[in-house]
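No lab work stands behind these numbers, since they all come straight from the coordinates. Because the structure is predicted, anything quoted here is derived from the model rather than measured. We place every Cβ from the backbone using ideal geometry, glycine too, and count neighbours over all the protein chains shown.
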Amino acid sequence: MALGLLGRKVGMTQVFDESGNVRAVTVIEAGPCHVLQLRTIDRDGYDAVQLGFLDKPRRLASRGIRGQVARLDSKRSRTRTKAGVELLAKADCEPKRFVREFRGMVEGISVGQVLEVKQFENAKALDVTGTSKGRGTAGVMVRHNMAGQRATHGVKKVHRLPGSIGQSQFPGHVHKGRRMAGRHGNERRTQRNLKVVRIDADNNLLLVEGAVPGPNGGYVIIRETNKR
Amino acid sequence: MSQKVLNLAEKSSIKTDLPNFKIGDTVDVHTRILEGEKERIQIFNGVVIARAGSGSRETFVVRRIVASEGVERKFPLHSPKIAKIEVKRSGIVHRAKLYYLRDRIGKAVKLRERRSEKEEAAT
């Protein structure tokens with residue numbers, strides 16, 4: 001099973017499949033991703049693989065971030081090597097814009113390795129995680145898909161309101177968790193079970209059928225689906 | 001930049017051997033039709049009244065009169081189900097969309113023909 005990849009949503013378009021039918025696809029620029037760090041149970045308390053996507057200009061990266069991806073000379077590192085401590089392996093690449101960890105142990109992955117979109121070649125379907133577009137304050141019809149009220153039959157000025165939000169003196173308060181209007185969107189969302197339509201390894205492109213959370217240009221996390 | 005990447009993704013779906021046809025042209029559209037196992041070609045003849053979209057999403061609308069009833073079909077330009085597009089004649093038009101033809105009946109539907117310079121020299 002493929003580990004996963006970081007990417008960027010390019011936008012939606014349509015392509016024709018083998019039988020000549022139109023398929024609505026989202027184009028994702030997926031990888032290449034450097035393996036920046038390996039988390040281990042002994043050292044960090046959990047197993048994970050840390051990936052980085054897209055180079056970040058060095059002037060925007062702090063010394064700490066640069067030190068994570070490349071070996072920088074410092075007094076501390078000098079004394080540590082002198083004391084015989086083996087320093088952590090570094091990916092030896094440019095600082096990355098988008099860095100995320102994938103939980104779990106994976107065999108045959110080492111720091112500095114470059115992962116590409118090819119790994120999804122045998123994947124039937126993918127899960128894509130992104131940050132959905134922010135909608136600001138939204139009413140209950142938009143935010144929770146409530147039905148609203150009638151246009152006529154005595155309904156006055158409350159056509160898009162939720163209606164009753166509870167009982168009377170017993171319980172005497174509105175129950176916790178009652179769905180109401182408020183901030184909507186700009187949340188982490190996962191679209192599951194998206195079919196792979198095409199993989200373009202030369203251009204690092206991934207075409208999945210259907211929509212993906214977030215605006216064009218938004219960063220996404222791609223994983224093979226565990227949904228049956 | 002993202003538009004460039006999108007074009008890359010669409011590239012394989014785009015046909016390069018399309019004839020250069022315009023709004024107002026009368027065309028024969030050869031469409032592939034599957035009947036059970038067998039494939040056959042059906043021709044839809046009519047006037048191109050609209051083109052819309054860009055890239056692999058481009059479509060065009062062909063209008064014809066069948067048994068004094070207007071029939072319009074919208075085709076995806078780059079669809080593999082379209083085997084061929086043949087330009088039969090070109091009409092002189094001053095609109096990008098010929099929706100006004102829908103309100104016309106009989107002789108008024110006909111468009112004045114535009115001839116290429118060569119043909120005109122011959123006549």
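A few notes on this one:
- Here the dipole of chain B is about 320 debye; that uses its Cα centre as origin and unit charges on the Cβ of Lys and Arg (positive) and Asp and Glu (negative).
- Restricting the GluC sites (Glu not before Pro) of region B:1-54 to loop positions (DSSP other than H, G, I, E, B) with no more than 11 neighbouring Cβ atoms within 10 Å leaves B:Glu37.
- Cα gyration tensor shape of region A:84-220, rounded if a/c is under 1.5, else prolate or oblate by comparing a/b with b/c: prolate
- Charge dipole (debye, nearest 20) of region A:41-168; +1 at Cβ of Lys and Arg, -1 at Cβ of Asp and Glu: 960
- Dipole of the protein assembly as shown, positive direction: furthest Cα of A:Val10, B:Ala52, A:Gln167, with charges on the beta-carbon: A:Gln167
- For A:Lys56, the residues whose amide H sits under 5 Å from its own are A:Lys96, A:Arg97, ignoring neighbours fewer than 5 places away on the same chain, with H placed 1.01 Å from N.
- Coil-residue chymotrypsin sites (Phe, Trp or Tyr not before Pro) of region A:11-111, DSSP, other Cβ within 10 Å capped at 12: A:Tyr46
- Around the Cα centre of chain A, unit charges on the Cβ atoms of Lys, Arg, Asp and Glu (plus for the first two, minus for the last two) sum to a dipole of about 1480 debye.
- Prolate/oblate/rounded call for the protein assembly as shown, Cα gyration tensor, a/c under 1.5 rounded: oblate
- With neighbour counts taken as other beta-carbon atoms within 10 Å, the residues B:Leu101, B:Leu34 rank, fewest first, as B:Leu34, B:Leu101.
- Overall form of region A:29-116 per C-alpha gyration tensor (a/c, 1.5; a/b vs b/c): oblate
- Ordering A:Leu54, A:Leu5, B:Leu18 by the number of other Cβ atoms within 10 Å of each residue's own Cβ, fewest first, gives B:Leu18, A:Leu54, A:Leu5.
- Whole-Hz couplings from phi, Karplus 6.51/-1.76/1.60, listed for region A:166-177; x for Gly and Pro: x, 9, 10, 4, 9, x, x, 8, 7, 4, 5, x
- Candidates A:Glu187, A:Glu18, A:Glu107: whichever shows maximal mean-square fluctuation once chain A is modelled as a Gaussian network with Cα springs under 10 Å: A:Glu18
- Extreme residue, positive dipole direction of the protein assembly as shown, given options B:Ile33, B:Thr16, A:Val196 (C-beta unit charges): A:Val196
- With contributions of -39500 (n - 2.57) from each DSSP H run of at least four residues, the per-residue ellipticity at 222 nm computed over chain A stands at -2500 deg cm²/dmol.
- Cross-linked pairs B:Lys4/B:Lys74; A:Lys227/B:Lys81; B:Lys11/B:Lys84: Cα-Cα separations exceed 22 Å for B:Lys4/B:Lys74; A:Lys227/B:Lys81.
- Inter-chain shielding of A:4-16 (mean C-beta neighbours from other protein chains, 10 Å cut-off): 4
- Chain B: most fluctuating residue of B:Ala96, B:Ala50, B:Ala108 per GNM, C-alpha cutoff 10 Å: B:Ala108
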